[in-house]
1. Describe numerically, in nm with one decimal, the distance between label points set 7 Å from Cα along Cα→Cβ at Thr248 and at Glu175.
2. Which value, in debye to the nearest 20, describes the size of the charge dipole of segment 17-123 about its Cα centre when Lys and Arg Cβ atoms bear +1, Asp and Glu Cβ atoms bear -1, and nothing else is charged?
3. Gain in length, Val49 to Thr309, computed as 0.36 nm per residue apart minus the alpha-carbon separation, to one decimal in nm?
4. For the chain, find the longest principal axis of its Cα atoms and tell me its angle to the long axis of helix 368-377, 0 to 90°, nearest 10.
5. Along the charge dipole of the chain, pointing to its positive end and built from +1/-1 on Cβ of Lys, Arg, Asp and Glu, which listed residue (Gly295, Leu316, Leu140) has its Cα farthest out?
6. Using each residue's phi in segment 417-430, evaluate 6.51 cos²θ - 1.76 cosθ + 1.60 at θ = phi - 60° and report the 3J(HN,Hα) Karplus result to the nearest Hz, with x for Gly and Pro.
7. Tally Lys and Arg at +1 and Asp and Glu at -1 over the other residues with C-beta under 13 Å from the C-beta of Gly63: what net charge comes out?
8. Long-range amide H contacts for Gly221: which residues qualify at under 5 Å (H placed 1.01 Å from N, peptide plane, sequence gap of 5 or more or a different chain)?
Amino acid sequence: RKSEAWSARFSEPVSELVKRYTASVGFDKRLAMADIDGSLAHAAMLESVGLLSADDLKAIRAGMETIRGEIASGAFHWSIDLEDVHLNIEKRLTELVGDAGKRLHTARSRNDQVATDIRLWLRGTIDDIVAALEALQQALLAKADEHAGTIMPGFTHLQVAQPVTFGHHLLAYVEMFSRDAERMRDCRKRVNRLPLGAAALAGTSYPIDREMVARALGFDGICANSLDAVSDRDFAIEFCAAAALVMTHVSRLSEELILWMSPRVGFIDLADRFCTGSSIMPQKKNPDVPELARGKTGRVNGHLVALLTLMKGQPLAYNKDNQEDKEPLFDTADTVLETLRIFADMSGGIAVRADRMRQAAAEGFSTATDLADYLVRKGLPFRDAHEAVARAVRAASDRGVDLSELSLDELRAFSPLVGADVFEALTLEGSVNARNHPGGTAPGQVRQAIAAHRQRLGG
Ligand code: ARG
């Protein structure tokens, strides 16, 4: 017999194959503590509206404490004959406390129960992810602070564009991760609503107090429509979308770390504990952690698409399809959380090779824009200045030298407006210092931005 919860209706047991196919306890037992919290709040409400005696409530509380202990110690026996986490716990409760356990499911269905459990679990998970995002931001801020004045080439099209500071570059990621945390917090508002009371789909004929349950469980309010309450998984999809963006940002950072660590570039070195060697090539030190993070981004994106696809054809209200929401959701949360925690640690383990960065910035005509801006300050229209500098770059490039290595006379050949003060405009420091406005790469601006972020993060 599959489950005493509904088996009287059936004349034969389900096959072993179907039992295994339909059982979710293997993965939803992870919701056990949320399930118990939800049941206790529901039971307290039943008692307060007169649907459960005080003695029954006491028995349920004692039984649930025993079950919590059994689960925590690993002594709890999970059975796939009892399909899911909800029926496993309810059955054990009844074993422990008798009829009181059988009364718990009054005015409730597994449909509103499971929706409540996922929301409780996800709410806690979001809080963990926000904390991990903040720790990563703090780690990046520390690195940015060390390198507020370290000059590297900034790229567009992966071609040297203009000098930037490494601190400024890292702050771009701080911005991304701060938006990610904001998205997670925003998503949490829609997660934090109580489905219980919707029962199977239509509500219940008992005089329940949903607000009381919502308050007891720390929800901001109740789901307003019973059909929506049991069938909505938007909140999980939204979480996975926010998670996919987190991973997208991690993946972009990973790609840069991998590139920077390539001996051809040589901008950074990663601490050994984040790298592995090769079984055949003795010289290898591979950036495995960022590569794996880049790879795991595909897996998280896949989970988002899985959940969207899971929902798209479902009529109202609850359908068993929804049992398939859990594994993608759990794996998304685990992947994001582990990745963020590793990256917070790894950011501290980035060794910057400032000389290599500087050399690369000096080699790519990265101050050509500064020369054009210099000519504009001397009165030349920008388009003409652009053209004059383009000719100068071409000449310098043909000779294999940098703009700053051309003599004053050579530079004057491209524009008579060039004066002796031109060389200040052509230095890397001059270039970054000149971009001295909020959002610009000047070291002073980077330090101000770091201070503002630290204040926002509270520490
Ligand atoms: N294990 C189910 C799920 O994850 C619980 C709800 C099942 N409800 C039902 N009527 N079969 O969605």
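1. Here the answer is 1.6 nm between the modelled labels.
2. On the way: 15 positive and 16 negative charges, 49 e Å.
So the dipole magnitude of segment 17-123 works out to roughly 240 debye.
3. Values: separation 260, 0.36 × 260 = 93.60 nm, distance 4.07 nm.
Computed gain between Val49 and Thr309 is 89.5 nm.
4. For 368-377 against the chain, the angle is about 70 degrees.
5. The residue sitting most towards the positive pole is Leu316.
6. Rounded to whole hertz, the list is 6, 5, x, 5, 6, 4, 5, 5, 5, 8, 7, 5, 5, x.
7. Details: positive: Lys58, Arg61, Arg68, Lys91, Arg92, Lys102, Arg103; negative: Asp55, Asp56, Glu65, Glu70, Glu90, Glu95, Asp99.
Spelling it out: positives minus negatives among the neighbours equals 0.
8. Here the answer is Leu194, since their amide H atoms fall under 5 Å of that of Gly221.
None of the figures in this text is laboratory data; all of them are computed from the coordinates on show. Bear in mind the structure is a predicted one, so any value in this text is a computation, not a measurement. Glycine also receives a Cβ, built like all others from the backbone with ideal geometry; neighbour counts cover every protein chain displayed.
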